[in-house]
1. Residue 60 versus (1) surrounded by 10 or more Cβ atoms within 10 Å (Cβ to Cβ); (2) at pLDDT 80 or above: which is the lone unmet condition?
2. Name the one entry in 23, 78, 102 that is at pLDDT 85 or above and in a loop (DSSP other than H, G, I, E, B).
3. Restricting the first residue to segment 81-103 and requiring it to be without any contact (Cβ under 8 Å) to a residue 40 or more places away in the chain, which pairs with a second residue that is assigned to a strand (DSSP E or B) and charged (D, E, K, R) meet a Cβ separation below 6 Å and a spacing of at least six or different chains?
4. Return yes or no: is residue 45 surrounded by 12 or more Cβ atoms within 10 Å (Cβ to Cβ) and at pLDDT 85 or above?
5. What's the number of the only condition in (1) assigned to a loop (DSSP other than H, G, I, E, B); (2) of a type outside the set (A, V, I, L, M); (3) touching a strand residue (DSSP E or B) at 6+ places or on another chain (Cβ under 8 Å) that residue 43 fails to meet?
6. So how many residues does segment 63-108 have that are surrounded by 12 or more Cβ atoms within 10 Å (Cβ to Cβ) and on the phi > 0 side of the Ramachandran plot?
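The values are calculated or read from the model by the stated rules, or taken from the named source; none is laboratory data. Every value quoted in this text rests on a predicted model; they were computed, and no experiment measured them. Here the Cβ positions follow ideal geometry from the backbone for every residue, glycine too, while neighbour counts run over all protein chains shown.
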Amino acid sequence: MLFCPYCANNLTIGDREDSEEKAWVCPTCPYKWHIDKQISMRTHLKRKEVDDVLGGKEAWKNVDKTKVTCPKCDAKEAYFMQLQIRSADEPSTTFYKCVECAHDWREN
C-alpha cells in the first residue's frame, strides 16, 4: 500500500495520460507516481500475545462445587463458574469442570 505524500490518501493504480503505462495516482489530488519498474514489498507482522479471556488455570482456583453429572465420566460433582459472555439481556453461561476427570463443559 502506498500513500500520497501531500494528502495521505491511499494511492491506486491508474493510467498515465502521456502513455499506455500505469502509474500510482491519488484519487483526491493531482499527485502521480510513474511506475518505471516492478516493485514488491513484504512486511512481516508481529503476532500479538493473546490473553486467555476466561482466566486460564487461575480462573478455576477459587470456585465453588455443585452436584451435576459429568458427561464424560458420570461423576456427580463439578466445579463451576458463571460468566456473562453474551449481551446483557441474555442469561449467564455456566462453565463446569469435573472434580474427577477435569473434563470441562458449559451450559447456556
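1. (2)
2. Exactly one residue qualifies, and that residue is 102.
3. Every condition considered, the pairs that remain are 93/106; 94/107; 97/104; 99/77.
4. No.
5. (3)
6. Summing the residues that are surrounded by 12 or more Cβ atoms within 10 Å (Cβ to Cβ) and on the phi > 0 side of the Ramachandran plot in segment 63-108 gives 1.
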